[in-house]
Amino acid sequence: MAENPYTLFLLKGNKVKVCKCFHFEKKLIIQFDINQTHVLWRCNVVKYIGKRLVYMFLTMFLIATATFFLMQTLPGSPIASYNKLNETQRAIVEKKYGIDKPKPVQYAIYMKNLAKGDLGTSFVFKGKSVNDLLASRVKPSFILGAQAMVFGTIIGILLGMLAALKQNTIWDYGSTFFAILGVSIPSFVFASLLQYWVASQWHLLPVGLWNDGWKSSILPSIALAMGPLALSARFIRTEMIEVLSSDYITLAKAKGANGFEIAFKHALRNALIPLVTVLGPVAAGIVTGSLVVEQIFAIPGIGEQFVSSIMTNDFATIMGTTLFFSALLIFIIFIVDLLYGIIDPRIRLSGGKG
Amino acid sequence: MRKEELQQLPPEKFERITIDSSSAERISKPSLSFWQDAWLRLRKNKAAIVSMVVLVLLIIMALIGPHLNGHDGEEQILRHANLPPKIPGIEKLGIFDGTGQLGGEKVNLYEIKKVDEYYWFGTDGLGRDLFTRLWEGTQISLLIAFVAAAIDVVIGVLYGGISGYFGGRVDDVMQRIVEILIGIPTLIIVILMLLIMEPGLTAIIIAISLTGWIGMSRIVRAQILKYRGQEFVLASRTLGASDKRIIGKHLLPNIMGIIIINTMFTIPTAIFFEAFLSFIGLGLQPPAASLGTLINDGYKVMEHQPYFLLFPAVVISVLMIAFNLIGDGLRDALDPKMKD
């Protein structure tokens, strides 16, 4: 029964111990193999990445299939004024969009095109391919998302640090309360209130649209940033409090490092590592938020496109955007998991098993 | 008392106290059960207690609010459309006195439209009383959240429990399925499901619960795995307990805390998704009201009637804050090792 060896990372103190375990005559044999830490780690990572890639592919396949068949059951037709057309006209239109063939054939064609990266042709925007449609709208969404992510995380980290360094003072309570607000208030509520007060009442910034350069991206970015801000503030606070009580901080204090140095050079760096784990949920939150926030501020981005294509029954665009969002989120979560394992080797890479 | 005084005391005044050696082991404090102990810890958390009171008040208002001022939430009086809030008593202070904008000027719309009734939170474009609709909406939102959370708990605990308890091949198959499902973003699946289902209460609940249980099932599985191999389970099994008894009497009570904590975070997520879907137009259909549809309606007339947006926005925010704070409090109280 010795054919079942697998690698385990044992955590002892703060040191990683690598050992091999396998079953031998119904006994669990654990073999310590400290010298080979690196080799074992590497071979595990490759295996892990391979496994994850297979799952990512399976998930995407499932989503694509589900999306395709769900779209077929949608009520209504994607072709505007379908009822007004006569038989021949219908046949021509259906042929043009390839919806005259039987469903399995359509499915096969769809999957084949998908493999080539072609998302199909929009039903509403005449003759425009979904790829072009998404490409033309990706920029505003990307700018907003990136700005929200960077702004939110940096302010969140600073707030969390402030709370941890001044634990149980008014600063701590203030920033904790702020973080709770950020987690709790839905982004669309926050966005519409921002739009009402800042743009509409005080006339400080544009009410909406994407024609005023950087200025028009400020309000939507702030609205999107509230989630990441609150999450990272809460996270950093907990981590910092733990880090601040460790021995090397005492050592840093003893050797006379000033408060600023301790906070940023010693404590923050170590508290930052686990923050990587929340990046996945944060990205998902930003994508979710972008649907409503872009709609509120009338930003020509992908989120707004998605909502409006739902309203107009534009099957091809709904499918394309769904797949785009899914691929994006799955990819981000994959990268985050990888990063986490690389940054902190204490994490067991058997992955995903909770 | 000084030393000399002490020495002057007659020896008769002293009495020897014999300590019964068996009483050294006596426990003087009453022993507390896990839940009593958790309640003691929770009680110290002011934010959680205040949130509980606020939440209870909101639930009471959601139940009795629609019947408080005698208006019907679905009755349309077009003559009374678009009225600002007017609350008896407070109107004398100069706020909520029915003053609204008409053609850019501030006028008392109640006098112009010759309306004698009071609409505490104003009316919408169809003349429906917003106070009544707000609490009806809160009721619906809470209902969706509670039902979705309950479904999540039932499916999640069953799935995770079976997977973790029986292990082996069953666990392998069940976990492979979960690993694929967990890759699908919640947002995507919720929107797709709502596209194909008849919009309404059931559709939203199904869509939200469809992926909601996965998180719960993973947590329950991990916990079951942790306890399954422990001695007390082995002891029970040796004494001949059935699987049912081991799960019901030994495993479930141990993981109850973590199930409750997780549920407390599921509820605000469900409230958020309901409001989110209603806001992008995939949620409840008129005339039904939920917090999401009210915010959506209010957003459209934000310029002239900010209150229409403000009241549901405040209610949903307070609800979410209360649930999150209670969840935080419960987490600290039930699982002191897992403070976050």
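The values are calculated or read from the model by the stated rules, or taken from the named source; none is laboratory data. The model shown is predicted, which means the values in this text are computed figures rather than measured ones. Heads up, the Cβs are rebuilt from the backbone with ideal geometry, glycines too, and the neighbour counts pull from every protein chain shown.
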(request) Output the helices (runs of 4 or more DSSP H) that fall wholly within region A:257-313 and possess 1 or more residues being over 30 Å from A:Lys166 (Cα atoms) and either under 14 Å from the mean Cα position of the chain (by Cα) or of a type outside the set (A, V, I, L, M, F, W, C) (or both), or say none. (result) A:275-296, A:302-311
(request) Just one of (1) in contact with a Lys or Arg (Cβ under 9 Å, 6 or more places away or on another chain); (2) within 11 Å of chain A (Cβ to nearest Cβ) trips up B:Leu195, so point out which. (result) (1)
(request) Residues that are modelled with pLDDT of 85 or more, within 21 Å of A:Gly285 (Cβ to Cβ) and out of contact with any Asp or Glu (no Cβ under 8 Å at 6 or more places or on another chain): find the helices (runs of 4 or more DSSP H) completely inside region B:184-278 holding 1 or more of those. (result) B:201-228
(message) Which numbered condition in (1) surrounded by 15 or more Cβ atoms within 10 Å (Cβ to Cβ); (2) within 23 Å of the chain's Cα centre (by Cα) is the only one that B:Thr202 fails?
(response) (1)
(request) Within region A:182-207, count every residue that is on the phi < 0 side of the Ramachandran plot and more than 7 Å from chain B (Cβ to nearest Cβ). (result) 15
(message) Six or more apart or on different chains, Cβ atoms under 7 Å: show the pairs whose first residue is in region B:274-292 and at the interface with chain A (Cβ under 10 Å from one of its Cβ atoms) and whose second is surrounded by fewer than 21 Cβ atoms within 10 Å (Cβ to Cβ) and not in a helix (DSSP H, G or I).
(response) B:Leu282/B:Pro199
(request) Can you tell me which residue among A:Leu74, A:Leu58 is within 27 Å of A:Ala327 (Cα to Cα) and modelled with pLDDT under 75? (result) A:Leu74
(message) Checking the structure you have, find out if any residue of region B:295-305 is modelled with pLDDT of 85 or more and more than 8 Å from chain A (Cβ to nearest Cβ).
(response) no
(message) Testing A:Gly174 on (1) closer than 28 Å to B:Ile316 by Cα; (2) modelled with pLDDT under 85; (3) within 14 Å of chain B (Cβ to nearest Cβ), one condition comes back false. Which one is that?
(response) (2)
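Each row is one residue, and each column tells you yes or no for (1) more than 27 Å from B:Gly215 (Cβ to Cβ); (2) of a type outside the set (Phe, Trp, Tyr); (3) surrounded by fewer than 20 Cβ atoms within 10 Å (Cβ to Cβ).
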position	(1), (2), (3)
B:Pro253	no, yes, yes
B:Thr266	no, yes, no
B:Ser278	no, yes, no
B:Gly283	no, yes, no
B:Tyr299	yes, no, no
B:Ala313	yes, yes, no
B:Val318	no, yes, yes
B:Gly327	no, yes, no
(message) Please verify whether B:Gly329 is within 14 Å of another protein chain (Cβ to nearest Cβ) and either free of Cβ contacts under 8 Å to residues at least 12 places away in the same chain or in a helix (DSSP H, G or I) (or both), treating the condition exactly as stated.
(response) yes
(request) Just give me the residues in region A:295-325 being over 20 Å from A:Tyr110 (Cβ atoms), among the hydrophobic types (A, V, I, L, M, F, W, C) and touching a residue at least 24 places away in the same chain (Cβ under 8 Å), in sequence order. (result) A:Ile296, A:Phe297, A:Ala298, A:Ile299, A:Ile302
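Each row is one residue, and each column tells you yes or no for (1) more than 30 Å from A:Ala267 (Cβ to Cβ); (2) without any contact (Cβ under 8 Å) to a residue 60 or more places away in the chain; (3) crowded, with 20+ Cβ neighbours inside 10 Å; (4) touching a Lys or Arg at 6+ places or on another chain (Cβ under 6 Å).
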| residue | (1), (2), (3), (4) |
| --- | --- |
| A:Gln147 | no, no, no, no |
| A:Leu158 | no, yes, no, no |
| A:Ala163 | no, no, yes, yes |
| A:Thr169 | no, yes, no, no |
| A:Gly174 | no, yes, no, no |
| A:Leu219 | yes, no, yes, no |
(message) Quick check on B:Thr269: is it at the interface with chain A (Cβ under 10 Å from one of its Cβ atoms) and hydroxyl-bearing (Ser, Thr, Tyr)?
(response) no
